[in-house]
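Structure, as structure tokens:
The values are calculated or read from the model by the stated rules, or taken from the named source; none is laboratory data. Quick caveat, the model's predicted, so the values are computed rather than measured. When we count neighbours, we look across all protein chains shown, and the Cβ atoms used for this are built from the backbone with ideal geometry, even at glycine.
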Amino acid sequence: MTKMQLKGDQERIAKPFAMPSAVIASQATRPQFGIILCLLSMLIFASQDGVTKVLVKDLPVAQLVMVRYWVFVIFALGYAAYQGSIKESLHSRHPWLQIMRALIGVGEIALFGIGLRYLGLAEMHALYAVFPLMTLGLAGAFLGEFIGLRRWIAAAIGFSGTLIILRPGAGVFELAALIPLLSALGFAVFNVLTRKISQNDTFATNMFYMAGFGAIAVTIVGLPGWVTPTPMQGILMGVLSLTGVIAQLFLIQALKYATAATLQPFNYTLLVFATLIGLIIFGELPDTWTVIGAALVIIGGIYAIKSKT
């Protein structure tokens, strides 16, 4: 959750509440401190995915997302009250787009959780990391944003990396690999909608709709299938929910001290942290092709963000 409307290609690579995470820093005077906070937030996000991977073995994904959104609602209400008025946060120039965005956001998070049942952390994040390039294409098509030659080259590089990871026709392709790609597409659509509505609606309004309608939707699905967690699972669910807020607050603070352009390359450390957690905790060793493909996806993403033409 952040305080700025999305501009350009300053999205994050992260998985807390699928909220926009570019913040206009009025005084980005301590970039080193901002980078440290950004790295901490990425480490927490990666750790969250590790916890989720453990929990989805025995608990419904909808239940995990539901609990996280309940905490999210509390945070959104607190933020709206802090900004002045909860009632004012209800006023939107784009209420139907807000609702659509909230539903896409919660669905995208659920898809990512389902993917963790079948794929390793490194594979999930390597494929999901293509979402900034998807956002780039969608923003050009639906928002009329200019996409120059260099950004198309960046998109081609990232797409090549995705194909290397998937290796269609090589006998190693899994249908489960489409899950993180669908999740990435959902997050790309989410970001494009955010850009659109943020031209008129405040961050408090964006967050209020995202939390409220997301919580309603996932509760309708998740509550009927509730599985009583063990004490340890209950603790992990609590950790999962609270650390999401903490990581987002770290990211907000990071973007106060450093610009989004400065921090963007460090957002890709999420893939590095996720790979290390997958290796140390789950014994998942990504193969050479996954590493090469992920490197190309990251290069394409950074090149797209840095390119102006």
Query raised in the report: Within the set of pairs 6+ apart or on separate chains, which have a first residue in region 75-102 that is among the aliphatic types (A, V, I, L, M), a second that is exposed (fewer than 15 other Cβ atoms within 10 Å of the Cβ) and assigned to a helix (DSSP H, G or I), and C-beta atoms under 9 Å apart?
Result: ALA80/LYS87; ALA80/GLU88
Report task. Scan ILE235, ILE153, ILE179 and give me the residue that is surrounded by fewer than 20 Cβ atoms within 10 Å (Cβ to Cβ), out of contact with any strand residue (DSSP E or B) (no Cβ under 6 Å at 6 or more places or on another chain) and closer than 25 Å to VAL106 by Cβ. Result -> ILE235
Query raised in the report: Just wondering, is there one or more residues in region 7-16 that are at pLDDT below 50, assigned to a loop (DSSP other than H, G, I, E, B) and among the acidic types (Asp, Glu)?
Result: yes
Report summary line: The one condition ILE220 fails out of (1) outside any helix (DSSP H, G or I); (2) without any contact (Cβ under 8 Å) to a residue 24 or more places away in the chain; (3) among the aliphatic types (A, V, I, L, M) is (1)
Query raised in the report: Right, LYS196: of a type in the set (Lys, Arg), farther than 14 Å from GLN98 by Cα and either assigned to a helix (DSSP H, G or I) or modelled with pLDDT of 90 or more (or both) or not?
Result: no
Query raised in the report: What residue, among those in region 198-221 that are crowded, with 22+ Cβ neighbours inside 10 Å and not hydrophobic (A, V, I, L, M, F, W, C), is farthest from GLU88 (Cα to Cα)?
Result: GLY214
Query - Pair list, Cβ under 6 Å, 6 or more apart: region 119-130 residue buried (at least 24 other Cβ atoms within 10 Å of the Cβ), other residue in a loop (DSSP other than H, G, I, E, B) - result: ALA122/PRO286; ALA129/ILE13
**Report entry** So ASP201, is it of a type outside the set (Val, Ile, Thr), out of contact with any Gly (no Cβ under 7 Å at 6 or more places or on another chain) and without any contact (Cβ under 8 Å) to a residue 60 or more places away in the chain
**Finding:** no
Report task. Scan region 37-69 residue by residue and report those that are surrounded by fewer than 16 Cβ atoms within 10 Å (Cβ to Cβ) and either under 18 Å from the mean Cα position of the chain (by Cα) or of a type outside the set (Lys, Arg) (or both). Result -> ASP58
Requested in this report: Quickly run through region 254-309 and pick out the residues that are of a type in the set (Ser, Thr, Tyr) and not in a helix (DSSP H, G or I).
Outcome: THR259, TYR268, SER307, THR309
**Report entry** Pair list, Cβ < 8 Å and 6+ apart or interchain, from region 156-177 residues that are within 26 Å of LEU136 (Cβ to Cβ) and modelled with pLDDT of 85 or more to residues that are assigned to a helix (DSSP H, G or I) and aromatic (Phe, Trp, Tyr)
**Finding:** ILE157/TYR303; ILE164/TRP289; ILE165/TRP289; ALA176/TYR118
**Report entry** Residue pairs meeting the criteria (Cβ under 6 Å; at least 6 apart or on separate chains; first modelled with pLDDT under 95, in region 57-74; second not in a helix (DSSP H, G or I))
**Finding:** PHE72/PHE17
Query raised in the report: Out of (1) at pLDDT 90 or above; (2) of a type in the set (Gly, Ala, Ser); (3) in a helix (DSSP H, G or I), the odd one out for GLY78 is which?
Result: (1)
Query raised in the report: Considering only residues of region 248-263 that are under 20 Å from HIS125 (Cα atoms) and buried (at least 24 other Cβ atoms within 10 Å of the Cβ), which is modelled with the highest pLDDT?
Result: LEU251
Query raised in the report: Of all residues in region 271-309, which are touching a Pro at 6+ places or on another chain (Cβ under 9 Å) and hydrophobic (A, V, I, L, M, F, W, C)?
Result: LEU279, ALA294, ILE298, ILE302, ALA304, ILE305
Query raised in the report: Failed condition for GLY158, given (1) farther than 17 Å from GLY293 by Cα; (2) under 21 Å from the mean Cα position of the chain (by Cα), with all others met?
Result: (1)
